[in-house]
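Chemist: Submitted below is the structure of interest, expressed as structure tokens.
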Amino acid sequence: MTLDPKTGRAIARLMCTTTRDILWSSYRDRLRQTRPHSHLECRTGSGRATYHRYDHRNQHHLITYGVGMVMAKQAPETAVSWLSTREIRSRGYFGGEVSVLNLLAHTCTHEFAHLLQQHAGKRYHGSVHNRDFYRLLDQLNEDGLAARTRERLADLAQHHGLTLDDGPMVMPCQQTQAAQWQPGDPVRFGEGRSAREGRILRVNRKTCTVEGTGASRGLRFRVPFVMLETTE
């Protein structure tokens, strides 16, 4: 399914509402016991970038859901490269079933897990998707909050006349996966302390040759398609 940016933004706004109504409301009082002025703002971004940021000075959490991300997660060919797809499949969230609804609901819980990780002081430079992060993300799924997030997002979408497909996606073959990458694309791969960022130099039959950037500058990697995630 292809979305226009206006519809993508409307869905991103519903993700904001869902995050506040289900996840933030469930943890707000507990978080404020140690940081009384903790506050969450959710907003939509125009690109793919989807992230959590924290301002220590005013205890302000910001979660941004990118319209480009929402649009990319509508079809298997563009959804396959996202970390959220790999997490659902590898960790068995929502029964391991990848669908548009599951991907977007999981994106809400993923970003909120980063909020909890930050609050607990377990987010470090070079170690973001670490063991502590996945412990928190697993807990959100095990205690039913992920399921409630999924249900709330589905209800809001239906109320606003928006379609979030809950049918399972069929992931693309390697040839299709290769077609979505181009030399110059910014990517990340790996988890925890082994996470890397770079730009694609060459698209091969089963992998991409990636030139490292940032802390990985000067290094080259051959990375399977399934491990790549776009950074924009």
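Every number in this text was worked out from the coordinates using simple rules, so none of it is lab data. What you see is a predicted model, and the numbers here were worked out from it, not measured in a lab. Cβ: placed from backbone, ideal geometry, glycine included. Neighbour counts: every protein chain shown.
Chemist: As an exercise, identify the trypsin sites (Lys or Arg not before Pro) in segment 141-232 lying in DSSP coil whose Cβ has no more than 14 other Cβ atoms within 10 Å.
Modeler: Taking segment 141-232 and a limit of 14 other Cβ atoms within 10 Å, the loop trypsin sites (Lys or Arg not before Pro) found are ARG205, LYS206, ARG217.
Chemist: What list of ³J(HN,Hα) values in whole Hz, one per residue of segment 65-78 in order, does the Karplus curve 6.51 cos²θ - 1.76 cosθ + 1.60 (θ = phi - 60°) give from phi, with Gly and Pro shown as x?
Modeler: The phi angles translate into 10, x, 4, x, 5, 4, 5, 5, 8, 8, 9, x, 4, 9 Hz.
Chemist: A follow-up question, please. Segment 1-93: which GluC sites (Glu not before Pro) are DSSP loop and have at most 14 other beta-carbon atoms within 10 angstrom?
Modeler: The qualifying sites: there are none.
Chemist: Mind checking the dipole of segment 5-159: about its Cα centre, +1 per Lys or Arg Cβ, -1 per Asp or Glu Cβ, Debye to the nearest 20?
Modeler: With Lys and Arg at +1 and Asp and Glu at -1, about 420 debye.
Chemist: Report the trypsin sites (Lys or Arg not before Pro) located in segment 18-103 that are in a DSSP loop and have at most 13 other Cβ atoms inside 10 Å of their Cβ, or state none.
Modeler: ARG57
Chemist: Something else now. Just to check I understand the Karplus step: with θ = phi - 60° and J = 6.51 cos²θ - 1.76 cosθ + 1.60, what whole-Hz values come out for segment 10-24, glycine and proline as x?
Modeler: In residue order, the calculated couplings are 4, 5, 4, 5, 5, 5, 4, 4, 4, 4, 5, 5, 9, 7, 5 Hz.
Chemist: Starting from the Cα of LYS122, draw a straight line to each of the aspartates and glutamates and keep only those under 16 Å, dropping any in the same chain fewer than 8 residues away.
Modeler: Candidates past the 8-residue exclusion: ASP55, GLU111, ASP132, ASP138, GLU191.
Chemist: Under 5 Å between amide H atoms, partner at least 5 residues away or on a different chain: which partners does LEU201 have, H built in plane at 1.01 Å?
Modeler: GLY184, THR209, VAL210, GLU211
Chemist: Enumerate the calculated ³J(HN,Hα) couplings along segment 148-160 in order (Karplus 6.51 cos²θ - 1.76 cosθ + 1.60, θ = phi - 60°), each rounded to whole Hz, writing x wherever the residue is Gly or Pro.
Modeler: Listing the rounded values in order: 5, 4, 4, 5, 5, 5, 5, 5, 5, 4, 5, 4, 8 Hz.
Chemist: Of ASN141, ASN58, ASN130, which is the most mobile in a GNM of the chain whose springs link Cα atoms less than 10 angstrom apart?
Modeler: Taking springs between Cα atoms under 10 Å, the residue moving most is ASN58.
Chemist: Same structure again: Given springs between every Cα pair under 10 Å in a Gaussian network model of the chain, which of VAL100, VAL128, VAL67 has the largest fluctuation?
Modeler: Between VAL100, VAL128, VAL67, it is VAL128 that shows the largest mean-square fluctuation.
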